[in-house]
Amino acid sequence: MTIADYFRVSFKKPELSETIAQIIEKKTKLKNQIESCYSRLESIEICNSNSKSADAIILSNYLIVDITNLALSFVNQPSIGISDNWLEKIKIISDEEIISEFTKHNSILTSTYETEEEKSEKIETSLSGLLFSVEKFIFKKNKTQFENPVDDFKKKSTIQIVVSVIVLILALNAGIKQYNKLKPIKTDIAKLYFMNEEITTPIEANLLTAEVNPSTEWSEVHFILPKPNEIKDIKVELIHQVFARFQLKELKYLDENKKVLKERSFQLNNIGMVDNTETNEICCTEDLKPGKLAPGKYLEMESVKSNPSFYVKMEETKGVKEIILTYRYIKNTKKFTD
């Protein structure tokens with residue numbers, strides 16, 4: 001079939017004539033014979049791996065007959081038995097390559113070996129190559145003999161189903177992305193994990209949450225700790241939405257008397273970067289990309305997936321009861337005007 005035929009939709013199955021039925025029956029018979037040969041070969045491999053060389057050699061005597069019968073079946077000749085001369089019988093096949101492969105195997109059988117283990121392994125290797133050669137001869141070199149409209153129909157149907165599934169997945173993915181791009185930004189629940197010298201990674205026990213709302217105006221989100229605690233680093237998940245644009249203005253740590261213990265600004269310097277030091281930095285962003293970075297403005301980022309986050313690393317501060325983050329966020333199709 002041509003490539004175009006594979007994509008031509010047709011639900012009508014081809015008629016099963018007597019000739020086509022014979023081709024399919026022969027192909028099925030040969031496939032079953034090949035499977036039996038490989039099963040026997042696997043048994044030989046198992047015997048050799050378990051140092052049962054004598055058993056492997058016995059099985060190999062049966063396998064060479066099986067492979068011979070496979071080749072004879074292809075040319076519609078009667079099968080042979082274990083006592084027949086397989087090398088003479090195979091000469092009925094008018095293919096020099098196949099006859100040569102069987103002759104090579106016969107030379108392996110008649111060679112001298114130092115141990116039975118070596119002989120058994122050589123025979124196994126030879127049988128494996130011979131079986132592969134016969135299979136290749138039947139189904140690759142002579143594949144045109146097995147071509148039929150029924151198999152073509154099955155192959156075409158399979159390809160069309162696979163292509164349809166791929167197209168459907170791509171369409172759904174594109175639709176989801178388009179939906180996310182168009183759907184409005186909504187109120188969210190911000191998450192903040194606080195860490196210190198004892199707890200150095202985000203854990204549920206040190207999770208604080210607070211509601212945040214989309215707006216072009218600056219807002220404050222207040223994270224209240226159950227009790228005053230030491231805080232060094234924080235991980236912030238301001239929103240959990242894709243295609244959102246947000247800015248950070250400032251961060252404050254307060255004690256239980258509302259006194260500011262530490263603060264830092266997210267204003268950009270003259271080269272469009274947030275001033276960071278070794279012990280005071282914004283880093284380790286996940287599922288975020290930079291937004292507009294203009295000197296004198298505030299740090300801007302966009303979410304590329306639905307769970308963006310960033311870390312703020314600072315010196316350890318004791319007695320923190322409240323964390324205030326000044327923020328604002330909107331759809332990424334819009335821009336902050338100031």
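Any read-out appearing in this document is the output of simple, stated calculations on the displayed coordinates, not a laboratory observation. Worth saying up front: this structure is predicted, and the values here are computed from it rather than measured. Cβ sites come from the backbone with ideal geometry, for glycine too, and all protein chains shown count toward neighbours.
Helical runs (DSSP H, four residues minimum) scored at -39500 (n - 2.57) apiece and divided by the length of the chain put the mean residue ellipticity at 222 nm at -13500 deg cm²/dmol. Which of the three applies to the range 117-169, rounded, prolate or oblate, going by the alpha-carbon gyration tensor with a ≥ b ≥ c and a/c under 1.5 meaning rounded? Oblate, because a/c is 1.5 or more while a/b does not exceed b/c.
Legend: calculated FRET efficiency, E25 to K305, from the Cβ-Cβ distance at R0 = 51 Å, rounded to 0.05, equals 0.40. Tell me the angle of helix 18-49 to the major Cα principal axis of the chain, expressed in degrees between 0 and 90 and rounded to the nearest ten. Its long axis makes an angle of about 80 degrees.
Could the peptides 232-239, 321-328, 308-315 be put in order, highest first, of the mean number of other beta-carbon atoms found within 10 Å of their residues?
In descending order of packing, they fall as 232-239, 321-328, 308-315.
Determine the gain in length on full extension of the stretch T125-T200; use 0.36 nm per residue of separation and subtract their C-alpha separation, reporting nm with one decimal.
The span from T125 to T200 would gain 21.2 nm if fully extended.
Taking Cα centre as origin and charging only the Cβ of basic (Lys, Arg, +1) and acidic (Asp, Glu, -1) residues, the dipole magnitude of the chain rounds to 1940 debye. Pairs exceeding 26 Å between alpha-carbon atoms, taken from K186/K334; K305/K335; K91/K154: K91/K154.
Near L130, once Lys and Arg are set to +1 and Asp and Glu to -1 for all other residues with Cβ below 13 Å from its Cβ, the sum equals -1.
Take the Cα of D338, step 7 Å along the line toward its Cβ, and report every residue of the range 215-241 whose backbone nitrogen sits under 13 Å from that point. Under 13 Å, as judged by backbone N against the label point of D338, lie 216-219 of the range 215-241. Computed from point charges on the beta carbon alone (+1 for Lys and Arg, -1 for Asp and Glu), the dipole magnitude for the range 101-231 about its Cα centre is near 1120 Debye.
With R₀ set to 22 Å, the beta-carbon distance separating S49 from S83 gives a calculated FRET efficiency near 0.15. Which of rounded, prolate or oblate describes the range 3-155 when judged by the alpha-carbon gyration tensor and an a/c cut-off of 1.5? Judged from the Cα gyration tensor, the range 3-155 comes out prolate (a/c at least 1.5, a/b above b/c).
On the basis of the beta-carbon distance and an R0 of 25 Å, E281 and S219 show a calculated FRET efficiency of 0.55. When the Cα positions of I324, Q267, L254 are compared along the charge dipole of the range 188-331, Q267 comes out farthest toward the positive end, with charges on each C-beta of Lys, Arg, Asp and Glu. Relative to one another, the C-alpha centroids of the range 287-338 and the range 75-97 are positioned 79 Å apart.
Going down the table (K27/K104; K27/K122; K183/K235; K29/K141; K292/K331), which pairs top 24 Å between alpha carbons?
Those over the limit are K27/K104; K27/K122; K183/K235.
Given +1 at the Cβ of Lys and Arg, -1 at the Cβ of Asp and Glu and no other charges, the dipole of the range 106-167 around its Cα centre is 640 debye to the nearest 20. Electrostatic tally near P228: other residues with Cβ closer than 11 Å to its Cβ, Lys and Arg +1, Asp and Glu -1, net -1.
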